[in-house]
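All remarks here apply to the structure that follows.
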Amino acid sequence: MSKAKVYLVGAGPGDPKLISVKGRECISKADCLVYDRLVDKRLLAYARPEAEMVYVGKAARDHTLGQDDINLLLVAKAQEGKTVVRLKGGDPFIFGRGGEEALKLAEASIPFEVVPGVSSAIAVPAYAGIPVTHRGIATSFTVITGHEDPAKPESALQWEHIAQGADTLVFLMGMENLSRITAKLIEHGRSSSTPAAVIRWGTKAEQEVLVTTLDRAASDVAANGLKPPAIFLVGEVVALRQKLAWFDNRPLSGKTILVTRAREQASALTNALEELGAECIEAPAIKIMPPESYDAMDAAIASLKDYDWLIFTSVNGVEFFFARLHQAGLDARALGRSKVAAVGSATAERLWQKGILADLMPTEFQAEGILADLSGRIATGMRVLMPRAAVARDLLPQKLREMGVSVDTPTAYRTVTGDSDGLELAAMLAAGEIDLITFTSSSTVTNLLNLLGKEGQALIGRVNVACIGPVTAGTCLEKGIRPDVIAEKSTIAGLVDAIENFYRGEAA
């Protein structure tokens, strides 16, 4: 039985978290994903690695494919027996030409489903603190295309009804025709002093809101250099923004932050920063890889009963150690006689998930602090196992050995340079498109420099730099990079707090 089917999926207005549950499910099962320009690329990450990606983005006067060609493409991909997802910004049936695509599929007898999306017509005003209806102010709203060709001899829009027929008017895709739209509304009876708003990149961290009046809208947009994509809203409800603005007055609103963590670990930092209003660009500077040889690790696991202490300095160390432990047919019970130390709350939490409650979690995450907390609990002649990265600081093992302790440091994992586009990152830094770079380990510093090439130090010097702790900050200084933010507590939460405090202080 053929699984050929096309899902016309609304991706929502911009914020990738506004995708529907069903929309995300469709993306995850697609054989072929056909997506638009305004679809947030983070939604593409829900697709299977082997899924075919086809970009058909359209901007004013710049179409990758015409609509007729897109229609034929959907038919052709479905006729190959594929599950196709047509991912469209907003809602497929609100000025999304989804109806045309559905008709072509129906003509070809291809099964399809429509998965509605959150329309920018209501979501974007909401993110700007403007309800399109409000008791006592607006009991109706109209959504209108602003994309009609002004050269048409006769307008399909009934301006005499639009101008006064609804309390709130929402124009989509109307930036290029704004002066004509405002003139038509005033000509047909809408008061020139009616409050109006232009909202650019609505629901995304780079959202911009211009509050104006109907008669000044076109000139104010030109003066402020606002470009598409944007919506134009007209109505008394605009005045409510003064009290209801919530999205673009958060601590990190308007800030673009580069997250350099490994891809599989970046989401926690990204989510926390985005909650505070930042626009995050995930560009992993490192990739976490297995060691070149497991010989040392396997030998240590075979001798676990001989160790008095196991010290885990990272979540990665825990993950790779336990993966190899399980490979040997063992589980957490094999650590029975050993005490366990976890450096950092995240490391302790990951150990707990593996069934191990850490005996010690040092209050400081540097070697000196760890040694202080181990004082009185570790003695000459004891054996310590520290599974860790291939490249790591030697201070803690060295100090322990000076105390007469036998320390083994098998390589649990390696960090290598990530696969981010160094040229693209360099261009963004050079253009001033990034406000702050986060470094969560020494390896993220060295590998971002590798990605950026010979101009890396100078490019990083153009922006603010935030480090997760003094060790990472020390690496920055060694590389000629001055950290602007150093977390007092070397955790993701500590880093986020430090960044928030930095920008709050800057705004004060």
request  = Give segment 15-51 a look and list any residue that's of a type outside the set (A, V, I, L, M), assigned to a helix (DSSP H, G or I) and open to solvent by 10 Å² or more (accessible area, probe 1.4 Å), or say none.
outcome  = P16, K17, K22, R24, E25, S28, K29, K41, R42, Y46
query = What single numbered condition from (1) in contact (Cβ under 8 Å) with a residue 24 or more places away in the chain; (2) open to solvent by less than 10 Å² (accessible area, probe 1.4 Å) fails to hold for L73?
reply = (2)
query = Within segment 104-111, is there a residue that is at pLDDT 95 or above and under 33 Å from the mean Cα position of the chain (by Cα)?
reply = no
inquiry  = If I ask for residues that are under 23 Å from the mean Cα position of the chain (by Cα) and open to solvent by 10 Å² or more (accessible area, probe 1.4 Å), which ones from segment 127-142 would you list?
reply    = Y127
request  = Test A196 against the stated conditions and say whether it is in a helix (DSSP H, G or I) and open to solvent by less than 10 Å² (accessible area, probe 1.4 Å).
outcome  = no
query = Of these, D394, D408, D421, D359, which one is at pLDDT below 90, more than 31 Å from the chain's Cα centre (by Cα) and either at positive phi or of a type outside the set (S, T, N, Q) (or both)?
reply = D394
note = Within segment 211-236, the residues that are part of a helix (DSSP H, G or I), over 31 Å from the mean Cα position of the chain (by Cα) and under 25 Å from G89 (Cβ atoms) are A217, A218
message = Quick check on this structure: which one of E274, E279, E208 is of a type in the set (D, E, K, R), touching a Ser or Thr at 6+ places or on another chain (Cβ under 8 Å) and surrounded by 15 or more Cβ atoms within 10 Å (Cβ to Cβ)?
response = E279
query = Taking into account only those residues within segment 143-178 that are of a type in the set (S, T, Y) and at pLDDT below 95, which is most open to solvent (accessible area, probe 1.4 Å)?
reply = S155
request  = Output yes when any residue across segment 245-265 is open to solvent by less than 30 Å² (accessible area, probe 1.4 Å), in contact with a helix residue (DSSP H, G or I) (Cβ under 8 Å, 6 or more places away or on another chain) and part of a helix (DSSP H, G or I), and no when none is.
outcome  = no
request  = Confirm whether G12 is in contact with a Ser or Thr (Cβ under 8 Å, 6 or more places away or on another chain), free of Cβ contacts under 8 Å to residues at least 60 places away in the same chain and open to solvent by less than 20 Å² (accessible area, probe 1.4 Å).
outcome  = no
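Here is a yes/no grid of residues against (1) open to solvent by 30 Å² or more (accessible area, probe 1.4 Å); (2) part of a strand (DSSP E or B):
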site	(1), (2)
P92	no, no
E100	yes, no
V114	yes, yes
P125	no, no
note = Pairing a residue in segment 169-194 that is closer than 21 Å to K227 by Cα and free of Cβ contacts under 8 Å to residues at least 60 places away in the same chain with any residue that is among the acidic types (D, E) and not in a helix (DSSP H, G or I), where Cβ atoms lie under 8 Å and the two sit 6 or more apart in sequence or on different chains, gives N177/E148; T182/D215
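The values are calculated or read from the model by the stated rules, or taken from the named source; none is laboratory data. All values reported here derive from a predicted model rather than from experimental measurement. Virtual Cβ from ideal backbone geometry, glycine too; neighbours counted across all protein chains shown. Protein only, heavy atoms only, side chains kept; ligands, DNA and RNA dropped before computing areas. Shrake-Rupley method; radii C 1.70, N 1.55, O 1.52, S 1.80 Å.
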